[in-house]
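Heads up: the structure comes next, in structure tokens.
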Amino acid sequence: MTATTTEPVPVAEVIPKRKTTGRAPGTEGTVAGRTLRYALLLAFVILIFIPLYVLLVTSFKTSGQVNAREAWTLPSLWSVAGWKAAWSALAPPLWRSVVLAVSVAVLSAMLGSLNGFVFAKWRFRGATLVFTLFLFGMFIPYQAILIPLQGMLIQIQSMPGMSWFDGIWKLIIVHVIYGIPICALIFRNYYATAVPTEILEAAKVDGAGTLRTFASIVLPISAPAFVVAMIWQFTSAWNDFLFALFLTNRNNGPVTYVLNELAGGQNPDYPSIMAGVLLASLPTLLVYVILGKYFVGGLMSGSVK
Amino acid sequence: MRKSRDGLVGFLFVLPSIILVGIFVYWFIFKNVSTSFDRVTTRATKRVLHDGGVSNYSQLLGSPDYQHALFNLLVLTVVFVAGTMLFGLLWAILLEKGVTAEGVFRSIYLLPMAISFIAAGIVWRWLLAPGKGDQASGLNQLLAMLGLERFQSGWWQSPNSFSMAAMAIPAIWQLSGYVMALFLAGFRGISEDQREAARIDGASEWKIYRHVLFPQLSPIALSALIIIGHMSMKMFDLIYAIAGQNSYKASVPSTMMWTQLFQQGDPTAAAVNATILLVLVALIVIPYLMYTNKTEKGMRG
């Protein structure tokens, strides 16, 4: 969901701070203007928190308390029954999602670093065309490849000795492959400015080959791009539903798949559903809260000139 | 000499990725398109389901179900794009001058993006429940508590043809923060001197936005428009989670494709649908990629 640009992924400060004007922040304009500004900002905060409030209060209610009258109030009796039920339903798929998202993050970043380095510094003939074709692969609706993809993966699975290739394994392969374009873009943008071409030239003069240069000069300074790419891939593998729906089932699928089944029953038990939503969102929310600026770095990679 | 060898080594670095993208993106697109041209007859009765070739496309394009899905997609996209642009720009304007705790506001506005569409969709399914009066729950009940009963709605289940607009509400909730981040970075990229100069010339704040700042943000507005617009065309998880599988009321091409494949067992129709969706997305993305490529070369040259 991004586009090409020459800018590096702005890691340290993704959205730059206002250049100082000699005034403390928030002291510009009239008092009335400032009050209005903060009132609006707070009103939007409340709007954004509405669904999160519903999630939290409902998850701590008992099933009996989720009637229409009490839906928006705090629980009259706090209960963790919903959380317990959600945990017992979601623990196995949560674990599968952890394996999925971590493997995808690591593998994608490694591939991305190789690709990004070449596209930034060691351009071969036709590199621009190849890179543009990569970028287009990032934007396609996956519906357009799902039918052949499903067929090929089933074919691989039915080969002798390959019956283990199912569920999470399929998803790991799929997310690594469809993550190639965005990771190549993140690393290319980073290397374009973080690695001065002069250093590479110097290494060449000293007789270091491409592989050696990559391993001893480029990799050691790649940490910021690794963080951005890994967070991006972790989040998209964790949050994916489309591939999970087409390629897995309730016994081998990730948490998004099982969560949707949990919520789709005939007699929904809202406390456990809402607790389940929170459980399934916790890892990505934690990543966002702790590593927020890198998360935004992935989001912005590209789309800004 | 050395140079061409380095180019070769570089090429070998990316070769595995080129092969994988080649197969999993381009070869699969080709296979999907070729499936979409299949001639299909039922095994038992030899009744023709699809004539094959281009007529498969006119068959789908002519079907009322597909036209309904396309119309829904149009309504969803217009409201989704307009809503995210409006809130994104408004939040960026509120924040761009620097306010106390700017980082906190920014993080909160972006927070919904960290949640999966499927998780968000499950909450919004409850929030957008259509019951009114005594049956009210979700947002309708909140409106009643605030004394705003007259704004109660059937949301996406309202009996009118524009009900898909309500489906854009959760989508706007999730992605406005993203558009804000784009615009905010844009505002910060404009040097302070330009504003000062305009101020010295006696321009009002509104005039500074209108004539100095906004024109410089138009490339960012275009990026946001394309990114949100193409996300809307691909939107699946959120609609699936809110409306459930097989909802006709909330059907769009991407959810219809699931129904065609899994409920109707008709991969040919699903492939036709997916190919048209790909073309629609390509129509807005390819010119955009060419445009950014060109401006990039301009910046380099």
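The values are calculated or read from the model by the stated rules, or taken from the named source; none is laboratory data. All values reported here derive from a predicted model rather than from experimental measurement. Because the Cβ atoms are built from the backbone with ideal geometry, glycine has one as well, and the counts that use them run over all protein chains shown. SASA here: full protein model, heavy atoms, side chains in, ligands and nucleic acids out. Shrake-Rupley method; radii C 1.70, N 1.55, O 1.52, S 1.80 Å.
The mean count of C-beta atoms from other chains within 10 Å of the C-beta of residues in A:232-243, rounded to a whole number, is 3. Assuming charge only on the beta carbon of Lys and Arg (+1) and of Asp and Glu (-1), the dipole of the stretch B:197-292 about its Cα centre is about 220 debye to the nearest 20.
Take each residue in A:131-139, count the other chain C-beta atoms within 10 Å of its C-beta, and the mean is 6. Each residue, B:Phe214 and A:Glu70, gets one label point 7 Å from its Cα in the Cβ direction; the gap between the two is 5.1 nm. Among the protein heavy atoms, those of B:Lys132 account for about 100 Å² of accessible surface (1.4 Å probe, every chain in place). The residue list B:Ile276, B:Gln216, B:Met231 was ranked by how far each Cα lies along the charge dipole of the stretch B:210-301 toward its positive end, using unit charges on Cβ atoms, and B:Gln216 comes out on top.
Look at the alpha carbon pairs under 8 Å that are at least 6 residues apart: their mean separation over the length of the stretch A:29-79 gives a relative contact order of 29 percent. Identify the residues of the stretch B:18-44 with backbone N under 14 Å of a label point that sits 7 angstrom from the Cα of B:Gln59 along the Cα-to-Cβ direction, or state none. Zone members listed by number: B:35-43.
Histogrammed with a bin width of 10 Å, the alpha carbon distances of the stretch B:149-192 distribute as 23, 30, 22, 17, 7, 0 percent, first bin at zero. Let me make sure I get this right: for chain A, a, b and c are the square roots of the gyration tensor eigenvalues over alpha carbons, sorted descending. Under 1.5 in a/c it's rounded, otherwise prolate if a/b > b/c, else oblate. Which is it? Because a/c hits 1.5 or more and a/b fails to exceed b/c, chain A counts as oblate. Rg and Dmax of the stretch A:111-193, based on Cα coordinates, read 15.6, 48 Å. For the stretch A:222-282 versus the stretch B:101-120, the spacing of their alpha-carbon centroids is 17 Å. Most tightly packed first, judged by the mean number of other beta-carbon atoms within 10 Å of their residues, the peptides A:274-280, B:276-282, A:260-266 read A:274-280, B:276-282, A:260-266. Normalised by the number of residues in chain B, the average gap of Cα pairs under 8 Å and 6 or more apart makes the relative contact order 25 percent.
Per residue of A:145-156, what is the mean number of Cβ atoms on other protein chains within 10 angstrom of that residue's Cβ?
Numbers: counts 11, 8, 12, 13, 5, 2, 4, 5, 0, 0, 0, 0.
Average per residue, whole number: 5.
Taking all protein chains as shown and a probe of 1.4 angstrom, B:His68 keeps an accessible surface of around 40 Å².
What order, most packed first, do the peptides A:70-81, A:209-220, A:164-175, B:249-260 have when packing is the mean number of other Cβ atoms within 10 Å of each residue?
Numbers: A:70-81: 13.9, A:209-220: 15.8, A:164-175: 20.1, B:249-260: 23.1.
The most tightly packed comes first, giving B:249-260, A:164-175, A:209-220, A:70-81.
For a 32 Å ceiling on Cα separation, which of these pairs sit above it: B:Lys97/B:Lys249; B:Lys234/B:Lys294; A:Lys61/B:Lys132; A:Lys293/B:Lys132? All intermediate terms of the calculation are to be shown ahead of the outcome.
Details: B:Lys97/B:Lys249 44 Å; B:Lys234/B:Lys294 26 Å; A:Lys61/B:Lys132 23 Å; A:Lys293/B:Lys132 42 Å.
Distance filter (> 32 Å) returns B:Lys97/B:Lys249; A:Lys293/B:Lys132.
How large is log10 I(q)/I(0) at q = 0.05, 0.07, 0.10 Å⁻¹ when the Debye formula is applied to the Cα atoms of the protein assembly as shown, each weighted equally and without solvent? With no solvent term, the Cα-only Debye profile gives -0.24, -0.47, -0.96.
Result for chain B in a Gaussian network model with C-alpha springs under 10 Å: among B:Tyr66, B:Tyr240, B:Tyr209, the largest mean-square fluctuation is at B:Tyr209.
Only protein heavy atoms count here, probed at 1.4 Å, and on that basis chains A and B bury about 9500 Å² of accessible area in total. Computed on chain A, with alpha-carbon pairs under 8 angstrom and 6+ residues apart, the relative contact order is 38 percent.
Legend: calculated FRET efficiency, A:Thr35 to B:Phe151, from the Cβ-Cβ distance at R0 = 30 Å, rounded to 0.05, equals 0.65. Working note: Cα atoms of the stretch A:29-79, range along each principal axis, descending, whole Å: 51, 16, 15.
Rounded to whole Å and sorted largest first, what semi-axes of the equivalent ellipsoid does the C-alpha gyration tensor of the stretch B:65-300 yield via the square root of 5 times each eigenvalue?
In descending order the semi-axes read 36, 26, 14 Å.
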